[in-house]
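Since the structure comes first, as structure tokens, the remarks are kept for the end.
The values are calculated or read from the model by the stated rules, or taken from the named source; none is laboratory data. These numbers come from a predicted model, not from an experiment. Cβ: placed from backbone, ideal geometry, glycine included. Neighbour counts: every protein chain shown. We work out accessible area using only protein heavy atoms, side chains counted, and drop any ligands, DNA or RNA first. Shrake-Rupley method; radii C 1.70, N 1.55, O 1.52, S 1.80 Å.
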Amino acid sequence: MANVTLRNVRKTYAGGFEAIKGIEFDVGDGQFCVLVGPSGCGKSTLLRMVAGLETITGGEIDIGGRVVNQVEPADRDIAMVFQNYALYPHMSVYNNMAYGLRNRGMPEPEIKTRVEEAARILELGAMLERKPRQLSGGQRQRVAMGRAIVRQPKVFLFDEPLSNLDAKLRIAMRVEIRKLQRRLSTTAIYVTHDQLEAMTLADILVVMNAGQVEQIGNPLDIYQKPATTFVASFIGAPPMNLMPLRSDELKSQLASDVRLNEAGILGIRPEDFVISNDAVAGGVALGLTVEAIEHVGAETFIYGARQNETQAVAANPGELPPGEVIVRIPGAIGPAIGERIRAVAPADKLHLFTADGRKRVGD
């Protein structure tokens with residue numbers, strides 16, 4: 001087990017394209033770090049640099065107190081699980097898991113012990129003689145993880161390992177990966193574009209955008225206090241409602257808020273609205289016309305168009321630019337399409353950002 005530390009890590013390709021722009025963070029011994037962001041943000045490139053599959057242009061990668069910039073992948077004491085499983089189709093499950101150990105010259109009795117232990121942990125004991133074509137997608141992914149486990153590495157690296165699975169199996173495998181990592185207490189770095197996957201797995205969440213880190217921290221802290229509008233809109237499903245506001249409108253609507261001098265964008269999570277005609281001092285009320293409704297069992301998502309009568313509670317009326325607002329309410333009973341509603345958010349649920357969206361204002 002080991003810490004993983006990145007210090008000003010950069011990657012520039014021929015032609016001057018900078019894919020990774022000076023990234024720094026530390027993953028503690030036994031922690032589960034998730035790199036999340038949209039396609040093309042550089043998260044898989046960064047993971048491959050930690051693995052040694054991509055050279056770095058600048059900075060340092062430290063694994064277990066050793067700078068590994070010039071160390072070959074096989075000598076970094078890491079194990080990687082890929083999106084496409086990468087199993088040998090002509091080999092049995094047992095031989096797929098044992099292959100890397102045999103290449104290292106490990107004695108067969110020790111190989112047998114390690115493979116059987118990994119098979120027990122992953123519930124693959126009854127499948128050791130099967131070929132990959134005889135397995136389901138989830139079983140193949142477990143074999144790929146077993147191949148990593150038998151190495152007993154300092155660090156596990158996961159490159160979108162659940163992307164090829166159906167939704168139900170992804171949930172089950174997500175839970176299994178987290179349980180497995182906790183049981184083994186091995187440091188892990190995991191790449192995904194799925195923000196729900198990231199939130200549920202991570203001890204440390206690294207939100208990336210265009211080769212840079214937007215925010216690092218505990219998943220719940222990031223959800224509750226996003227540092228930028230990019231993080232606010234990317235983390236959370238449905239995303240945070242973001243509404244550009246002119247300074248005079250903000251001053252008239254939220255006159256008591258000390259953050260107004262710096263703010264240019266108002267953010268409100270869909271679940272922080274309630275549908276009500278009651279006043280809430282210092283909060284914001286939006287007049288909406290319901291345009292679409294999604295019933296998702298225990299919750300309902302309401303998509304409403306803002307009306308010009310938008311106003312703040314206990315403040316002077318003001319206008320917001322027209323746009324769509326998402327309201328998330330419990331239960332399956334809600335307003336009808338075309339109905340006009342009033343969505344209210346209290347003052348302590350309001351998020352304010354600078355006009356360029358690059359900085360959270362206040363807390």
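Residues in segment 174-185 that are within 16 Å of the chain's Cα centre (by Cα) and without any contact (Cβ under 8 Å) to a residue 40 or more places away in the chain were compared, and the one that is nearest to D29 (Cα to Cα) is I177.
Only residues that are open to solvent by 50 Å² or more (accessible area, probe 1.4 Å) and either touching a strand residue (DSSP E or B) at 6+ places or on another chain (Cβ under 7 Å) or of a type in the set (S, T, N, Q) (or both) were counted in segment 54-65, giving 3.
From the list V68, V34, the lone residue that is open to solvent by less than 40 Å² (accessible area, probe 1.4 Å) and touching a residue at least 60 places away in the same chain (Cβ under 8 Å) is V34. Note on segment 159-177: residues that are closer than 20 Å to V50 by Cβ and open to solvent by 10 Å² or more (accessible area, probe 1.4 Å) total 3. Looking only at residues of segment 181-230 that are of a type in the set (G, A, S) and assigned to a strand (DSSP E or B), we find that the one that is surrounded by the most Cβ atoms within 10 Å (Cβ to Cβ) is A188. Among the residues of segment 260-292, those that are farther than 22 Å from T354 by Cβ, touching a Pro at 6+ places or on another chain (Cβ under 8 Å) and modelled with pLDDT of 90 or more comprise P270, I275, V290.
Could you say whether any residue in segment 327-338 is closer than 24 Å to G362 by Cα and either at pLDDT below 80 or part of a loop (DSSP other than H, G, I, E, B) (or both)? Checked against the condition, which is being closer than 24 Å to G362 by Cα and either at pLDDT below 80 or part of a loop (DSSP other than H, G, I, E, B) (or both), segment 327-338 yields no hits at all. Within segment 75-89, at least one residue is more than 24 Å from E54 (Cα to Cα) and either at pLDDT 90 or above or more than 29 Å from the chain's Cα centre (by Cα) (or both). If you go through segment 37-49 one residue at a time, do you hit one that is part of a strand (DSSP E or B) and open to solvent by 40 Å² or more (accessible area, probe 1.4 Å)? Looking through segment 37-49, none of the residues is part of a strand (DSSP E or B) and open to solvent by 40 Å² or more (accessible area, probe 1.4 Å).
Here Y85 clears all of (1) open to solvent by 50 Å² or more (accessible area, probe 1.4 Å); (2) closer than 19 Å to V150 by Cα except the condition numbered (1). Taking the criterion of being assigned to a helix (DSSP H, G or I), under 14 Å from Q141 (Cα atoms) and among the aliphatic types (A, V, I, L, M), the residues of segment 87-105 that qualify are V93, M97.
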